[in-house]
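Written out below as structure tokens is the structure these notes cover.
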Amino acid sequence: MISRFLDLIYPALCELCQEPLKNGHALCSSCAAQLTRVKAPFCGNCGEPFEGEIQHHFLCPNCLHTPHDFHFARASLKSSPTSFGLVHRLKYQRHFYLARDLAPFLKETLQEDPRFEKLGKSALLIPVPLHWRRQQSRHGNQALELSRELAKLSGLSCHNALKRIRVTRTQTKLNRKQRLTNLRGAFQIKQKQRKHLHGKNIILIDDVFTTGSTAHECAQILTLEGQVSKVAVLTLIRG
Ligand SMILES: [Zn+2]
Ligand SMILES: [Zn+2]
């Protein structure tokens, strides 16, 4: 009711094409359809998409040489100026309402990849945390917003179980080895959350997957200290 009322006074515009929208949406259906989904073939471990006709399970050269502590990772959208532009607005411009229009892409991937279903209905969604200082300056955490919206759509529960205990350098200009060193000891499990994690399967949620070092570090702490069963990773974009 309230969103319909607001639509009448301030019709929302599509974040990408400026078409007027209804029902509190931020992306029109034609712009949403134009975002390119990651489709097979992709690396069975990190979800990196490849061109061509590969039918069998395969690992990309990166995963063959550097094992990850997560079970597998999948991303919903290919990286493009449009998909990155949307994440940029969600992350740095406080357009948190976009999470509502972006979470359906994550849900699509959850439904389409049978490996997620195998994790069961009791799998927990856990967002990759920001350091509290960074979260304060950005007025929120994009991964948490995506997880909350995905929880509503999927029926899985969202537990904000991790915290980042060190402010780490931005990873953008670092290679995988430097990223791993940069992140070592950066995450911890929140004391009160420990009891919820034991033996559970986890779906770690983030906006972008680049080298996998963040996901690897979180998976390691969840497995070793949280004694979880499996950690799968689901991100909006494969960077
Ligand atoms: Zn549009
Ligand atoms: Zn890979």
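Quick look at the numbers
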read-out	value
Per-region count, region 61-110, residues away from ligand 2 (no atom under 16 Å from the Cβ) and of a type in the set (G, A, S)	6
Members of region 43-65 that are more than 17 Å from the chain's Cα centre (by Cα) and either within 30 Å of E225 (Cβ to Cβ) or surrounded by 18 or more Cβ atoms within 10 Å (Cβ to Cβ) (or both)	C43, G44, L59, C60, N62, C63, L64, H65
Residue list for region 3-38, filter: part of a loop (DSSP other than H, G, I, E, B), more than 16 Å from ligand 1 (Cβ to nearest atom) and modelled with pLDDT of 90 or more	V38
Of all residues making up region 153-198, the number that are over 14 Å from V128 (Cβ atoms) and assigned to a helix (DSSP H, G or I)	15
Subset of region 199-212 [charged (D, E, K, R) and either assigned to a helix (DSSP H, G or I) or open to solvent by less than 30 Å² (accessible area, probe 1.4 Å) (or both)]	D206, D207
1 or more residues among the hydrophobic types (A, V, I, L, M, F, W, C) and more than 22 Å from H216 (Cα to Cα): qualifying helices (runs of 4 or more DSSP H) within region 72-123	81-92, 98-112
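Results for (1) open to solvent by 10 Å² or more (accessible area, probe 1.4 Å); (2) within 16 Å of ligand 1 (Cβ to nearest atom); (3) in contact (Cβ under 8 Å) with a residue 40 or more places away in the chain, shown as yes or no for each residue.
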residue: A40; (1), (2), (3): yes, no, no
residue: P67; (1), (2), (3): yes, no, no
residue: R74; (1), (2), (3): no, no, yes
residue: L86; (1), (2), (3): no, yes, yes
residue: R94; (1), (2), (3): yes, no, yes
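The values are calculated or read from the model by the stated rules, or taken from the named source; none is laboratory data. Model, not experiment: these values are computed from the prediction. Neighbour counts run over all protein chains shown; Cβ positions are idealised from the backbone, glycine included. Heads up: the accessible areas ignore ligands, DNA and RNA and are worked out on the full protein's heavy atoms, side chains in. Shrake-Rupley method; radii C 1.70, N 1.55, O 1.52, S 1.80 Å.
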